Amino acid sequence: TPTPTPTPTPTGPAEVVLYASRGVRVGNYTVTNDATAAGGARLDNPNAGAAKLSSALANPGTYVELQFTAQAGVAYRLWIRGKAQDNNPFNDSIFVQFDNSVDNQGVATSRIGSTSAEVINLEDCLGCGLSSWGWQDNGWGTGVLGPLVRFATSGTHKLRIQVREDG
């Protein structure tokens with residue numbers, strides 16, 4: 001059996017925890033009460049059979065935005081706790097963007113208003129399988145961690161979750 005991506009561990013004072021169900025919703029996202037979800041509610045985007053997107057949309061019709069505070073120059077690991085509708089691997093991915101994110105060279109990346117984004121796939125690899133709630137980062141592959149997220153300035157920032165595969 002494949003080795004799953006590790007469950008995140010607290011990283012200290014730089015840790016930021018957000019509840020997607022508390023974000024500002026635009027389009028098809030809804031909040032559903034769920035005792036198994038963190039905070040007792042989950043964010044849903046129903047499966048409508050839409051095709052999987054290859055890149056984020058600069059101006060999506062459906063998204064959720066959350067505000068948070070982050071420090072410039074601090075490398076953050078992006079983790080999502082989620083589940084796919086019906087544990088279907090065709091319902092298991094999203095795009096995540098930020099308003100002020102940069103790579104390790106200080107170049108703008110994964111920015112809101114662009115087609116650049118971090119991709120979260122709940123299934124670690126093709127055929128690994130899905131089972132209810134799981135943690136995943138922006139890396140693809142069994143045991144692979146994705147790139148760290150940094151910010152150009154300190155202060156309040158925005159995170160945007162976009163649909164990649166509905167459901």
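The values are calculated or read from the model by the stated rules, or taken from the named source; none is laboratory data. Please read all numbers here as calculations on a predicted model, not as lab measurements. Cβ sites come from the backbone with ideal geometry, for glycine too, and all protein chains shown count toward neighbours. In case anyone asks, the SASA skips ligands and DNA or RNA and just uses the protein heavy atoms, side chains included. Shrake-Rupley method; radii C 1.70, N 1.55, O 1.52, S 1.80 Å.
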Quick check on my filter: what residues within the stretch 137-152 are closer than 9 Å to Arg77 by Cα and either part of a loop (DSSP other than H, G, I, E, B) or over 16 Å from the mean Cα position of the chain (by Cα) (or both)? Asn138, Leu145, Gly146, Pro147, Leu148
Of all residues in the stretch 20-29 being open to solvent by less than 70 Å² (accessible area, probe 1.4 Å) and of a type in the set (A, V, I, L, M), the one that is modelled with the highest pLDDT: Val26
Tally time: how many residues in the stretch 5-19 are touching a strand residue (DSSP E or B) at 6+ places or on another chain (Cβ under 7 Å) and either modelled with pLDDT of 90 or more or open to solvent by 70 Å² or more (accessible area, probe 1.4 Å) (or both)? 2
Neighbours by Cβ (under 8 Å, 6+ apart or cross-chain): first from the stretch 117-134, in contact (Cβ under 8 Å) with a residue 40 or more places away in the chain and over 21 Å from Ala38 (Cβ atoms); second part of a loop (DSSP other than H, G, I, E, B) and among the polar types (S, T, N, Q): Ala117/Ser55; Ala117/Ser110; Val119/Asn138; Cys125/Thr142; Cys128/Thr142
Go through (1) open to solvent by 70 Å² or more (accessible area, probe 1.4 Å); (2) modelled with pLDDT of 90 or more; (3) touching a Gly at 6+ places or on another chain (Cβ under 9 Å) for Asn104 and report which single condition fails. (3)
